[in-house]
Amino acid sequence: MKTITRNLLLLVALMSCGSSSDNNELMAQTMTQKLYITIGGVTKPATLVDNAATQELVARLQRSPVTLSLDTNGNFEIWGPLGFSLPTSNQQITAKPGDIILYSGSNICLFCGSNSWSYTRLGHIDDMTEAELRTFLRIGESDIIVTLSISNPSGIRQVNAEEKPSSDYTLLGTQAHEGTKGFVVKNGKVEMK
């Protein structure tokens with residue numbers, strides 16, 4: 001009885017490993033470089049897979065961000081031309097919500113639903129539900145302006161201020177020297193000298 005139980009547990013473990021092979025394969029082949037997708041002033045990060053298409057896309061985006069006009073298709077994706085071609089490694093896959101796909105070598109598709117076709121996988125938008133994707137991707141609209149970049153344009157990364165001794169200024173904005181008479185701005189306050 002113990003042998004049968006142990007064999008059943010082993011079989012269940014092997015079957016569960018096999019069902020997640022697509023996710024494991026995707027995770028094993030991801031790039032450390034993030035893609036940032038901006039739509040309507042909102043920016044979301046995406047994890048790229050590591051293939052010839054994404055390597056060339058990153059090289060292009062290192063030169064400058066790419067802005068596209070995409071349209072809703074079938075209520076499950078927005079898609080449109082990139083304006084350039086990328087190398088393909090097409091295979092029959094079922095795209096899932098959040099997937100970023102290259103179609104026919106020169107079109108990009110951003111999914112909020114599913115579709116099965118011969119595609120080249122580019123990556124996946126990070127941590128968004130299907131409902132959040134529908135809102136972010138503006139499903140149902142046309143001429144959706146999308147910007148792809150490899151640096152996060154959504155905020156100030158770092159501010160460096162040098163510590164300098166404050167100077168005194170006249171009300172005209174010129175630097176007040178020692179011996180200046182009249183109103184002087186010192187440390188943000190007006191003083192009479």
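The values are calculated or read from the model by the stated rules, or taken from the named source; none is laboratory data. Fair warning: this is a prediction, and the values are worked out from it, not measured in the lab. Every residue, glycine as well, gets a Cβ built from its backbone with ideal geometry; the counts of neighbours run over all protein chains shown. The area values use the complete protein model at the heavy-atom level, side chains included, leaving out ligands, DNA and RNA. Shrake-Rupley method; radii C 1.70, N 1.55, O 1.52, S 1.80 Å.
Can Ser69 be described as among the small types (Gly, Ala, Ser), exposed (fewer than 15 other Cβ atoms within 10 Å of the Cβ) and assigned to a loop (DSSP other than H, G, I, E, B)?
Here the answer is no, as Ser69 does not meet what is asked.
Give segment 72-99 a look and list any residue that's open to solvent by 40 Å² or more (accessible area, probe 1.4 Å), farther than 19 Å from Arg138 by Cα and assigned to a loop (DSSP other than H, G, I, E, B), or say none.
The answer is Gly83, Ser85, Pro87, Thr88, Ser89, Asn90.
Using beta carbons and a limit of 8 Å, which pairs, at least six apart or on different chains, have the first residue in segment 64-91 and touching a residue at least 60 places away in the same chain (Cβ under 8 Å) and the second one of a type in the set (A, V, I, L, M) and open to solvent by 60 Å² or more (accessible area, probe 1.4 Å)?
Thr67/Ile145; Leu68/Ile145; Ser69/Ile145
With the structure loaded, tell me whether Ser64 is open to solvent by less than 70 Å² (accessible area, probe 1.4 Å), more than 14 Å from the chain's Cα centre (by Cα) and more than 23 Å from Cys112 (Cβ to Cβ) or whether it fails that test.
yes
Criterion first (part of a strand (DSSP E or B), open to solvent by less than 40 Å² (accessible area, probe 1.4 Å), modelled with pLDDT under 95 and in contact with a Lys or Arg (Cβ under 9 Å, 6 or more places away or on another chain)) does Ile37 satisfy it?
no
Between a residue in segment 100-112 that is assigned to a strand (DSSP E or B) and any residue that is open to solvent by 10 Å² or more (accessible area, probe 1.4 Å) and basic (Lys, Arg), which pairs come within a Cβ distance under 8 Å, given they are 6 or more apart or on different chains?
Final answer for the pair search is Ile100/Arg121; Ile101/Arg121; Leu102/Arg121; Phe111/Lys96.
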